[in-house]
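Q: Below: one structure in structure tokens.
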Amino acid sequence: MKREIVKFLILALLVLVVPLLLKGGYLMNVLVFVGINTMLAVALNLLLGFAGQISLGHAAFFGIGAYCSGILTATFGLNPWHAMAVAACAGTVLAFVVGFPILKLKGHYLAMATLGLGIIVYIVFNEAVNLTGGPSGLSGIPNLSVGKTVFDSDTKNYYLIWGFTLATILLSLNLAHSRIGRALRAIHDSEVAARVMGVNARLLKVRIFALSAFISAVAGSLYAHTMTFLSPASFGFNFSVELVTMVVIGGLGSIYGSLFGAVLLTLLPEMLRTFQDYDIVVYGLILILMTMFMPGGLVRGIPAMIGAVSARRGNGGNEHA
Amino acid sequence: MLRLEGITQVFGGIRALEDVSFTVNGGSITGVIGPNGAGKTTLFNVISGLYTLTSGNVYLDDRTITGFPPEKLAPLGVVRTFQNIELFGQMTVLENVMVGLHTKSTSGIIACAFKLPGHLREERIIRERARHWLDFTGIGELAGTVAGSLPFGKGRLLEIARALALEPRIILMDEPAAGLNSRETADLAGLIGRIREAGITVVLVEHDMELVMDICDDILVLNLGRKLAEGTPREIQENPAVIAAYLGEG
Ligand SMILES: Nc1ncnc2c1ncn2[C@@H]1O[C@H](COP(=O)(O)OP(=O)(O)OP(=O)(O)O)[C@@H](O)[C@H]1O
Ligand SMILES: [Mg+2]
């Protein structure tokens, strides 16, 4: 438990000092998105990594948070913080409503259902032109502000969003190490045994789906007020797959893994601009390779690999001696 | 204490159970025996709410629990183990038993996420109780092991420890001795005795006749989904219908 606290404090410290090292610049802008993607990956991991329930449509909740916040502020002039609260509620309520019927499904069927949800929501973003501006986008979304401070620069947004991201990580870590976290992992390993132990698997799955949607919608709202412009392309199938890839790369059920996956998959495309059009192919390949060779994710897999290699070295040494 | 009334379970064309009535006395050890495919596991699945039974009734102390799902039976004190062990394979042995204490705690998502004081107290108690049940079943030293890597015999014990953590009134064990060597079986017999002494009613499905005849007070014999006989071990051993069924099978 002590080690957990130290780990988290190191992360928080890192988050604080990175901007001082970078002294502004383009990378700050990228790090803002790393923060948002980390929130999303952690949120998805609660569902996918802990409860073992796939969602191929999580970009929908991100998008609903973003568009709710965007429309309520840009079109209806609501205070951005109030809009964020409404957006978070909207995402959560939708998750509850669709969660009850679709989380009854298992495996491929659940994947299909969530995929369908993602597609429907994406179509709505495109077609509800009066509200969303359709494919040409929604602009004029105000920045968030606290008192006289308006979050209108990359550095300010960085601190704002990483505040939310760190809170998401901390609360998720707490949850993971609690009876709820154990119940979720139990459902993952054997739903029937979990139920026999008195875990209301059906309800808990829906509640964790809703929590995941809540966090995703908040992330969406933050995204809207940071970007001040939205277009449906950010909330499509590709992004849902990217989120799943982040979770899988980092390791199912590892909160820090999701952070790592989000950092990697957000920074990587920035460096490999040439891959831009093939990103979905690259994600697909990563997913296949990870599930084949490192199903525990990089955060668990690399130490295990190093352990295995050094063990082999150790054995070799003994044979020679 | 547990009363079955006209239990019938039909799968498509298969009548897995037909009109089975039986009463389990509180504080007893009851054995359910019968050839392969007799319907023993199906009977457990019906009682523990995994199947919706075709017709019949299940009573716990005259209160009907027919059709209750397992998560509703757990707080009433009805728990079971599985013929093909169902552990939480990626969790540690201790965590497995801690899940068994799920109904003994109430902290919700928010209390857990924010580590509210009540939740921390609960967590401490859960950990203590879980250790107690590991020691009770004699696998205390394995607390930190990942459950999926346990040898078979230890896995069976862990399943029992996890079920006991609920502090059930009645525990249904589906072939707890299957795959155990003779020493492990003897230990298991001792453990079942101590479970009964703790005031928990035991029902077990078992193929190990020596074990069943040794520890059971009452026996229910199923054959082809029907009740073939019931009685004390002595009565069952002398029952011509039972002898015929078992000889016929052999
Ligand atoms: N879910 C199911 N769907 C269809 N048939 C089933 C189902 N469960 C059990 N059966 C059938 O019911 C019959 C009884 O099976 P059951 O598993 O209860 O036997 P058993 O007495 O536990 O046998 P064993 O000693 O081999 O464990 C079998 O013919 C089996 O094929
Ligand atoms: Mg069976």
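The values are calculated or read from the model by the stated rules, or taken from the named source; none is laboratory data. It should be emphasised that the depicted structure is a prediction, and the values quoted were computed from it without experimental measurement. For neighbour counting, all protein chains shown are included, and Cβ atoms are generated from backbone atoms with ideal geometry for every residue, glycine included. With ligands, DNA and RNA removed, areas are computed over all heavy atoms of the protein, side chains included. Shrake-Rupley method; radii C 1.70, N 1.55, O 1.52, S 1.80 Å.
Q: Could you list, in sequence order, all residues of the stretch B:93-138 that are facing chain A (nearest Cβ under 10 Å), under 19 Å from residue B:149 (Cα atoms) and among the polar types (S, T, N, Q)?
A: If the condition is that a residue be facing chain A (nearest Cβ under 10 Å), under 19 Å from residue B:149 (Cα atoms) and among the polar types (S, T, N, Q), then B:96 is the only one that fits.
Q: Same structure again: From B:189, B:177, which residue is within 16 Å of ligand 2 (Cβ to nearest atom) and in contact with an Asp or Glu (Cβ under 7 Å, 6 or more places away or on another chain)?
A: On inspection, the qualifying residue turns out to be B:177.
Q: Of everything in the stretch B:39-67, what is of a type in the set (D, E, K, R) and within 16 Å of ligand 2 (Cβ to nearest atom)? Give them in sequence order.
A: B:40 - this is the single residue of the stretch B:39-67 that is of a type in the set (D, E, K, R) and within 16 Å of ligand 2 (Cβ to nearest atom).
Q: Can you name the residue in the stretch B:58-84 that is more than 28 Å from residue B:178 (Cα to Cα) and among the polar types (S, T, N, Q) and is also nearest to the other protein chains (Cβ to nearest Cβ) among such residues?
A: Looking at residues that are more than 28 Å from residue B:178 (Cα to Cα) and among the polar types (S, T, N, Q), I get B:66.
Q: Specify which of the listed residues (B:145, B:185) is away from ligand 1 (no atom under 16 Å from the Cβ), in contact with a strand residue (DSSP E or B) (Cβ under 8 Å, 6 or more places away or on another chain) and more than 12 Å from chain A (Cβ to nearest Cβ).
A: One residue alone meets the criteria, B:145.
Q: Need at least 2 residues that are free of Cβ contacts under 8 Å to residues at least 60 places away in the same chain and away from every other protein chain (no Cβ under 14 Å) per element, so show me which helices (runs of 4 or more DSSP H) inside the stretch A:152-234 make the cut, counting only ones lying wholly within it.
A: A:154-176
Q: Would you mention how many residues in the stretch B:6-35 are closer than 30 Å to residue B:198 by Cβ, without any contact (Cβ under 8 Å) to a residue 60 or more places away in the chain and not aliphatic (A, V, I, L, M)?
A: 1
Q: I've got another one for you. Go through the stretch A:205-232 and give me each residue that's open to solvent by 10 Å² or more (accessible area, probe 1.4 Å) and within 19 Å of residue A:55 (Cα to Cα).
A: Listed by number, the residues that qualify are A:207, A:211, A:214, A:215, A:218.
Q: Something else: Could you look through the stretch B:11-36, keep only residues that are more than 17 Å from residue B:176 (Cα to Cα) and near ligand 1 (Cβ under 9 Å from one of its atoms), and pick out the one that is surrounded by the fewest Cβ atoms within 10 Å (Cβ to Cβ)?
A: Filtering first and then ranking leaves B:12.
One line per residue, one yes/no per condition, for (1) hydrophobic (A, V, I, L, M, F, W, C); (2) within 19 Å of the chain's Cα centre (by Cα):
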| residue | (1), (2) |
| --- | --- |
| B:78 | yes, yes |
| B:102 | no, yes |
| B:105 | no, no |
| B:108 | no, no |
| B:116 | yes, no |
| B:125 | yes, no |
| B:134 | yes, yes |
| B:140 | no, no |
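Q: Of the conditions (1) within 16 Å of residue A:193 (Cα to Cα); (2) free of Cβ contacts under 8 Å to residues at least 24 places away in the same chain; (3) open to solvent by 40 Å² or more (accessible area, probe 1.4 Å); (4) of a type outside the set (Phe, Trp, Tyr), residue B:85 satisfies every one except a single condition; which number is it?
A: Every listed condition holds for residue B:85 apart from (2).
Q: Going by the structure shown, is residue A:298 touching a residue at least 40 places away in the same chain (Cβ under 8 Å) and not small (Gly, Ala, Ser)?
A: yes
Q: Kindly evaluate residue B:94 against the criterion of being in the same structural domain as residue B:203 (by TED's automatic domain parsing), in a helix (DSSP H, G or I), within 20 Å of the chain's Cα centre (by Cα) and hydrophobic (A, V, I, L, M, F, W, C).
A: no
Q: Out of the residues in the stretch B:59-82 that are open to solvent by less than 30 Å² (accessible area, probe 1.4 Å), part of a strand (DSSP E or B) and more than 16 Å from ligand 1 (Cβ to nearest atom), which is nearest to residue B:7 (Cα to Cα)?
A: That would be B:60.
Q: Also: Read through the list (1) within 14 Å of chain A (Cβ to nearest Cβ); (2) away from ligand 2 (no atom under 16 Å from the Cβ), then give the number of the only condition that residue B:23 fails.
A: (1) is the only condition that residue B:23 fails.
Q: Only one residue in A:58, A:82 is within 23 Å of residue A:221 (Cα to Cα) and under 19 Å from the mean Cα position of the chain (by Cα), so which one is that?
A: Answer to the check: A:58.
Q: Now for a separate question. Take residue B:104 and tell me if it is touching an Asp or Glu at 6+ places or on another chain (Cβ under 8 Å), more than 16 Å from ligand 1 (Cβ to nearest atom) and open to solvent by 80 Å² or more (accessible area, probe 1.4 Å).
A: Working: touching an Asp or Glu at 6+ places or on another chain (Cβ under 8 Å): yes; more than 16 Å from ligand 1 (Cβ to nearest atom): yes; open to solvent by 80 Å² or more (accessible area, probe 1.4 Å): yes.
Against the criterion (touching an Asp or Glu at 6+ places or on another chain (Cβ under 8 Å), more than 16 Å from ligand 1 (Cβ to nearest atom) and open to solvent by 80 Å² or more (accessible area, probe 1.4 Å)), residue B:104 qualifies.
Q: With the checklist (1) touching a Leu at 6+ places or on another chain (Cβ under 9 Å); (2) polar (S, T, N, Q); (3) within 16 Å of residue A:184 (Cα to Cα) in hand, flag the one item residue B:185 doesn't pass.
A: So residue B:185 meets the others, but not (3).
Q: Which of the residues spanning the stretch A:53-91 are within 29 Å of residue A:182 (Cβ to Cβ) and open to solvent by 30 Å² or more (accessible area, probe 1.4 Å)?
A: Scanning the stretch A:53-91 gives A:54, A:56, A:89.
Q: Also, I was wondering about something else. Hey, could you check the stretch B:37-55 for residues that are buried (at least 21 other Cβ atoms within 10 Å of the Cβ) and within 11 Å of ligand 1 (Cβ to nearest atom) and say which is nearest to the chain's Cα centre (by Cα)?
A: Residue satisfying both the conditions and the ranking: B:44.
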